[in-house]
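Undergrad: Sharing a structure here in structure tokens format.
Nothing in this text is a laboratory measurement; each read-out follows from the coordinates by a stated rule. None of these values were measured; they are calculated from a predicted model. Every residue, glycine among them, receives a Cβ derived from its backbone with ideal geometry; neighbour counts consider all protein chains shown.
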């Protein structure tokens with residue numbers, strides 16, 4: 001099984017966020033199921049940006065952020081570089097989601113292109129995808 005995972009779910013493994021426990025449960029389950037985790041090429045930059053934000057608001061130290069990055073390097077996550085077809089699909093998804101930018105759409109397009117599930121902690125994004133009746137999009141609210 002393939003799963004595309006949003007950066008917010010991975011960051012929650014290293015920063016105490018309201019949904020960290022759900023994120024940890026998912027990663028344990030995925031490890032047991034031996035799933036293939038995939039992310040778009042923008043994922044590493046989003047993770048670094050989120051960690052930097054946590055440093056700037058005093059939720060983590062620079063040393064802890066560096067340890068988190070080192071840990072992520074060992075995660076079994078495939079970073080998928082975009083090709084013209086994936087970029088085009090991202091543009092289409094940004095339009096379907098009525099978004100002025102295509103960051104979220106890259107995750108959704110990647111999931112669609114691999115016939116994968118997509119998991120995110122972004123409730124607004126999940127609401128939009130549910131409105132479009134996308135069955136393979138999941139939010140952390142589904143995790144007990």
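Undergrad: Please state the relative contact order of the chain as a whole percent: Cα pairs under 8 Å, 6+ residues apart?
TA: Answer for the chain is 32 percent.
Undergrad: What's the extension gain from residue 21 to residue 45 if we count 0.36 nm per residue and subtract their Cα-Cα distance?
TA: 6.3 nm
Undergrad: I would also like to ask the following. Restricting the calculation to Cα positions, tell me the Rg (one decimal) and the Dmax (whole number) of the chain in Å.
TA: Rg, Dmax (Cα atoms, Å): 14.8, 42.
Undergrad: I need the peptides 18-26, 76-84 ranked by packing, meaning the mean over residues of other C-beta atoms within 10 angstrom, with the highest value on top.
TA: Packing proxy ranking, top to bottom: 18-26, 76-84.
Undergrad: With a 10 Å Cβ neighbour count serving as the proxy for reagent exposure, in which order, fewest first, do 27, 118 appear?
TA: The most exposed by this proxy come first: 27, 118.
Undergrad: Per DSSP helix of 4 or more residues, -39500 (n - 2.57); summed, then divided by the residues of the chain. What does that give at 222 nm, rounded to the nearest 500?
TA: -16500 deg cm²/dmol
Undergrad: What distance in nm lies between label points placed 7 Å from Cα along the C-beta direction at residue 55 and residue 98?
TA: Simple spin-label model gives 3.8 nm for this pair.
Undergrad: At what distance in angstrom do the alpha carbon centres of region 92-139 and region 1-45 lie from each other?
TA: 16 Å
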